[in-house]
Amino acid sequence: MTPIVPPGSAATARSAVVASLASALAAAAASAALGRADRRERRLERTNFHGRAVSLRGGVGVAVGATAAGACSERLLRRPTEPVGANAAIAAVTAVTAAGAAGLIDDLDAGAHDGGTPAKGLKGHLTALRRGHLTTGVLKVAIIGGGALVAGGLLATTRKHADTAQAVADAANSAVVIASWANLHNLLDLRPGRALKAAVLASAPLLADERREAASSRVFAAGALGAAAAALPGDLGEVTMLGDTGANALGALVGTALAAHPSRTLRVVAAITGTGLVLASEKVSFTRVIEGNRILSAVDRIGRRAP
């Protein structure tokens, strides 16, 4: 018996593949170009938790790849059988570029404006602000939050609502999803490959939804997978690192993929999960939890270079 293929499913599958390839190629090309340009100055070089020299070029590459996925999505989604994706595409580019730019500012500043004691976590940055120090962490909250609000509003216009209040609630929820997942990926980026694996685990299931209304979500998820795949070898090998630039940008794209999904239940759960984990990080060490769980620890160590 010949299997029944849903209308437009082949086209959207191709769109997801193209978005993934575009993201991966852009990420790899940007990282390689920065590696050549920074060979002498080594301004992007940092020391990781093992004491090894790694380059932030990997994170900048991921940010470029994630932006490329958002930028090409409008054309990919412009099909008779699919919802028009212009607003969704603009939302993705806005969220990713805001998160990536905020991360880059923080990476380049390296805590120079934190005051005498390096600020850690949301509480630490707010405490520094009360003491008169405008840290890059506070700027990140403002920039990422602003980008998420704009992106959330744009995504809300792609869905039907009973009234204005419902539309506003939808936009606010989407903004929370994007901002919290951008921050969550940054919080996970404490060990090689961890944030990238989280992006893969969060994005891959979204590809299974073949409904026409899920086209934008699928394309953004595919873009996140492409960027993550391009960065994984260098990140796991401790040659490159995501830094705030890459982790925030990739997390913003994953968040946009979740926020673009047609299921309101999924979007609400994503907002609660992202916000809950970010708040939990103020009290709980993710590394301690992961290393204390046999399954999480095994997944965390897959592909990682020996100490």
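Brief remarks follow.
- Residue list for the range 145-185, filter: open to solvent by 30 Å² or more (accessible area, probe 1.4 Å), polar (S, T, N, Q) and touching a residue at least 40 places away in the same chain (Cβ under 8 Å): Thr157, Thr158, Asn173, Asn183
- In the set (1) over 17 Å from the mean Cα position of the chain (by Cα); (2) part of a helix (DSSP H, G or I), Glu238 fails one condition alone, (2).
- Verdict on Leu236 being closer than 17 Å to Val54 by Cβ, touching a residue at least 24 places away in the same chain (Cβ under 8 Å) and not β-branched (Val, Ile, Thr): yes
- Lone qualifier among Gly115, Gly132 - being modelled with pLDDT under 90, open to solvent by 40 Å² or more (accessible area, probe 1.4 Å) and on the phi > 0 side of the Ramachandran plot: Gly132
- Some residue of the range 193-212 being within 16 Å of the chain's Cα centre (by Cα), at positive phi, surrounded by 24 or more Cβ atoms within 10 Å (Cβ to Cβ) and assigned to a loop (DSSP other than H, G, I, E, B): yes
- Filter result for Arg218 (farther than 14 Å from Ala88 by Cβ, buried (at least 18 other Cβ atoms within 10 Å of the Cβ) and among the basic types (Lys, Arg)): no
- Note on the range 74-100: among residues that are among the aliphatic types (A, V, I, L, M) and open to solvent by 50 Å² or more (accessible area, probe 1.4 Å), the one that is modelled with the highest pLDDT is Ile90.
- Top-ranked residue of the range 257-299 - restricted to ones that are of a type in the set (D, E, K, R) and not in a helix (DSSP H, G or I), ranked as surrounded by the most Cβ atoms within 10 Å (Cβ to Cβ): Glu282
- The residue of the range 273-307 that is farthest from Ser203 (Cα to Cα), among those that are over 17 Å from the mean Cα position of the chain (by Cα) and β-branched (Val, Ile, Thr), is Val284.
- Any chance Arg36 is without any contact (Cβ under 8 Å) to a residue 12 or more places away in the chain and either touching a helix residue (DSSP H, G or I) at 6+ places or on another chain (Cβ under 8 Å) or not in a loop (DSSP other than H, G, I, E, B) (or both): yes
The values are calculated or read from the model by the stated rules, or taken from the named source; none is laboratory data. All values reported here derive from a predicted model rather than from experimental measurement. Reconstructed Cβ throughout: ideal geometry from the backbone, glycine too, with neighbour counts over all protein chains shown. Keep in mind that these areas ignore ligands, DNA and RNA; they rest on the heavy atoms of the full protein, side chains included. Shrake-Rupley method; radii C 1.70, N 1.55, O 1.52, S 1.80 Å.
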